[in-house]
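Since the structure comes first, as structure tokens, the remarks are kept for the end.
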Amino acid sequence: MSDESGPMRIGVLISGSGTNLQAIIDAIAEGRLDAEVAVVISNLEDAYGLERARKAGIPAVHVDRTAYTTFAAYNAAIRDTLLDHEVDVVAMAGYMRLLGVEVLDAFPGRVLNIHPALLPAFPGPSGIRDAFEHGVKVTGVTVHFANENFDEGPIIAQAAVEVAEGDTVEALEAKIHAVEHELYPRVLQWIAEGRVTVEGRIARIAEHG
Ligand code: GAR
């Protein structure tokens with residue numbers, strides 16, 4: 001993904017706290033991820049992730065859905081912001097809205113999402129709690145290519161997390177977030193190395209070298 005023009009440029013879409021964004025920023029700073037966060041975009045003005053971006057010297061942009069009459073125009077504004085910042089790869093990290101075809105078509109096969117459950121189980125905005133309340137013994141984290149539906153598209157990587165006897169939903173959340181923060185930068189590094197391909201609905205990871 002990276003070429004003579006420099007490291008892979010990631011555009012991160014958020015709606016909230018941005019701990020996954022922070023994990024990406026930290027992985028880059030620590031040399032575990034050969035990339036640059038080119039821009040952070042939030043649909044919510046008060047998302048703490050925008051503050052994290054500013055602290056790291058990364059352009060932080062609020063794109064307000066209510067400023068656009070249509071979903072298409074809103075998504076076109078997101079696309080244009082990503083293109084303005086010369087983004088190579090889009091990483092949704094707690095972005096809690098559907099993504100429009102305007103963005104998906106501008107970055108074909110280059111939009112990723114992270115979800116805190118083992119998809120296709122427990123999609124949606126409360127995957128951790130839904131799995132916990134279902135009584136599963138194993139849940140986890142999924143990183144996948146995105147499509148126009150919530151939490152859907154070719155799965156790149158999954159990591160399992162056990163629900164231990166006596167775990168509270170808060171304890172499970174903490175375990176899952178720790179796994180997310182390790183997995184997302186790792187998958188982004190695979191993307192940067194050009195190791196991830198998709199055939200139909202199956203994503204494949206090539207071995208090193
Ligand atoms: C993360 O757990 C992410 O997997 C989840 O939102 C959280 C954002 O946390 N995404 C979804 O549920 C998508 N369906 P963060 O803002 O601290 O990174």
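The values are calculated or read from the model by the stated rules, or taken from the named source; none is laboratory data. All values derive from a computational prediction rather than experimental measurement. Don't worry about glycine lacking a Cβ; one is built from the backbone with ideal geometry, like all the others, and counts go over all protein chains shown. Surface accessibility is based on the protein's heavy atoms, side chains included, excluding ligands, DNA and RNA. Shrake-Rupley method; radii C 1.70, N 1.55, O 1.52, S 1.80 Å.
Details
- For Val37, distant residues with modelled amide H under 5 Å away: Ile10
- Anisotropy class assigned to the stretch 65-209 is oblate, per the alpha carbon gyration tensor with a/c at or over the 1.5 cut-off and a/b no larger than b/c.
- Gyration tensor (alpha-carbon) shape descriptor, the stretch 17-133, a/c threshold 1.5: rounded
- DSSP finds beta bridges in the stretch 1-90, and of those with both partners inside it, around 10 percent are antiparallel.
- DSSP bridge analysis restricted to the stretch 1-49 gives an antiparallel fraction near 10%, rounded to the nearest 5.
- Euclidean distance of C-alpha centroids, the stretch 5-67 and the stretch 132-157, integer Å: 22 Å
- Of the residues Ile41, Val87, Thr139, the one whose Cα sits farthest toward the positive end of the charge dipole of the stretch 1-151, with +1 on the Cβ of Lys and Arg and -1 on the Cβ of Asp and Glu, is Thr139.
- Relative packing of 85-97, 53-65, which averages over residues the other C-beta atoms within 10 Å, highest first: 85-97, 53-65
- Anisotropy class of the stretch 117-195 from Cα gyration tensor, a/c 1.5 cut: oblate
- Under the span-like rule (Cα at least 27 Å along the axis, Kyte-Doolittle mean at least -1.0), DSSP H helices of the chain: 169-192
- Among beta bridges that DSSP assigns inside the chain, antiparallel share in %, nearest 5: 50 percent
- A simple charge model with +1 on the Cβ of Lys and Arg, -1 on the Cβ of Asp and Glu and nothing else charged puts the dipole of the stretch 12-142 at about 380 debye relative to its Cα centre.
- For the chain, carbon and sulfur atoms together expose 51% of the accessible surface, with a 1.4 angstrom probe and every protein chain in place.
- For the chain, built as a Gaussian network whose Cα springs stay under 10 Å, the top-fluctuating residue of Ser42, Ser17, Ser126: Ser126
- Per residue, the average separation of C-alpha pairs within less than 8 Å and at least 6 apart gives the chain a relative contact order of 20 percent.
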